[in-house]
Amino acid sequence: MKKILVTGGTGFLGSNLCRRLIKEENQVICLDNNYTGSLNNVEDIIQNPYFTFIEHDVTQPLNLNLKIDQIYNLACPASPPAYQGMHSIETTKTCVLGALNMLELAYKNKATILQTSTSEIYGEPLVHPQPETYRGNVNPIGIRACYDEGKRCAESLFFDYHRHKGVDIKVIRIFNTYGPGMDPKDGRVISNFICQALKGEDITIYGTGEQTRSFCYVDDLIDVMILMMNSEKGFTGPVNTGNPGEFTMKELAEKVLTLIKTSSKIVYCDLPKDDPTQRRPDISLAREKLGWQPKIPLDEGLIKTIAYFRKKLGIQ
Ligand code: UDP
């Protein structure tokens, strides 16, 4: 049985990961300050003897009085409305100081540490689809920079801890992910469109709706996170993790409208600043090194996610 620390463990991905790790009979220590996470997301496992919750902000150093084997570093708000604005400085601190504190902990424990980096490190990509070798096109002073540059700096820290202190690191770059466990108020496109359609509200497309994203169902992502964590020693990544299926936001809105019977109409709103035009992962490396590729196509994942939101919002 492994002792595994999950930072950001009460968030959307974190709670799904904790649940899976417990199922696989690991002892899980879940860390979160519950800024965007919530104990509601782990209410089904909170009493489980293999699960411990610690309220903690990763910007502060952490001393644990037990030896841990693995750390999954997920802590950071990931939705643009949550990480921008008033919270942008906290976002940078969470990315950078959080990485630093968790790397120190990994060093002391001789633990393997996995960083959940992001497709955001590619910024507004000039190469399409994006392979890991692409170095990105980020606006360093824009409203997304707190997250994008924070995550870039975290990658840099990971590789320096690996080079200079021998820490066993694993880095994945997560593309848009969705599924049960998302917060209805999260502000991201899939949760917004589904909740709007279920409530009969306007479906808000930002900009022309011609921008694209690639959406990975959460179970596929949890699979690859665990595969990467347990991959051969010395394989650090970075590895793109996402579903290469690429859709415009208009296509996504139309899909949601086909799957939910609703009176909702599409409305067009302002495009947020620095919103990337296109996103699609090249997942050749994940296929080759981890034998992984996503199994759940968007339509199937949307149906599962709609069922989750129906229950969550109490809408028949
Ligand atoms: N978006 C949209 N309507 C919404 C929320 C988002 O059209 O209600 C767009 C957003 O402008 C972006 C895409 O959907 O182009 C994905 O946004 P999201 O916040 O989900 O993730 P991002 O990839 O931007 O981090």
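Bear in mind these aren't lab numbers, they're just calculated from the coordinates by the rules spelled out. In this text the structure is predicted, and so the values were computed from the model without any measurement. As a convention, Cβ positions derive from the backbone with ideal geometry for all residues, glycine included, and neighbour counts pool all protein chains shown.
Be a star and scan region 128-145 for residues whose amide nitrogen sits under 17 Å from the point 7 Å along the Cα-to-Cβ vector of Arg287. It comes to 128-133, nothing else.
Spatially, region 1-70 and region 86-108 are offset by 17 Å when compared through their Cα centroids. For the pair Thr258 and Lys93, the difference between a 0.36 nm per residue extended length and the Cα-Cα distance amounts to 55.3 nm.
Counting neighbouring Cβ atoms within 10 Å and putting the fewest first, the residues Leu74, Leu62, Leu13 line up as Leu62, Leu13, Leu74. Using just its DSSP H runs of length 4 or more, each adding -39500 (n - 2.57), the chain gives a mean residue ellipticity at 222 nm of -11500 deg cm²/dmol after division by all residues.
Taking 7 Å steps out from each Cα toward its Cβ at Lys165 and Cys153 produces label points 1.7 nm apart.
How do Phe159, Phe175, Phe309 rank when sorted from fewest to most other Cβ atoms within 10 Å of their own Cβ? It would help to have the intermediate numbers written out before the result.
Details: Phe159 17, Phe175 25, Phe309 20.
The order, fewest Cβ neighbours first, is Phe159, Phe309, Phe175.
The charge dipole of region 164-316, taken about its Cα centre with unit charges on the Cβ of Lys, Arg, Asp and Glu (plus for the first two, minus for the last two), comes to roughly 320 debye. Each Lys and Arg Cβ is given +1 and each Asp and Glu Cβ -1; about its Cα centre, region 1-101 then shows a dipole of about 240 debye. If a paramagnetic tag sat 7 Å from the Cα of Leu271 along the Cα-Cβ line, which residues of region 120-148 would have the backbone N under 13 Å from that point? Under 13 Å, as judged by backbone N against the label point of Leu271, lie 124-125 of region 120-148. Using the Cβ-Cβ distance between Phe247 and Ile46 with R0 = 35 Å, the FRET efficiency computed as 1/(1 + (r/R0)^6) comes to roughly 0.45.
Simple rule: put +1 on each Lys or Arg Cβ and -1 on each Asp or Glu Cβ in the chain, find the dipole, and look at Phe12, Cys153, Gln278; the Cα lying farthest toward the positive end is Phe12.
Might you report the magnitude of the Cβ-based charge dipole of the chain about its Cα centre, with Lys and Arg at +1 and Asp and Glu at -1, to the nearest 20 debye? Before the final figure, lay out each step's value.
Numbers: 36 positive and 37 negative charges, 89 e Å.
Magnitude of the dipole: close to 420 debye.
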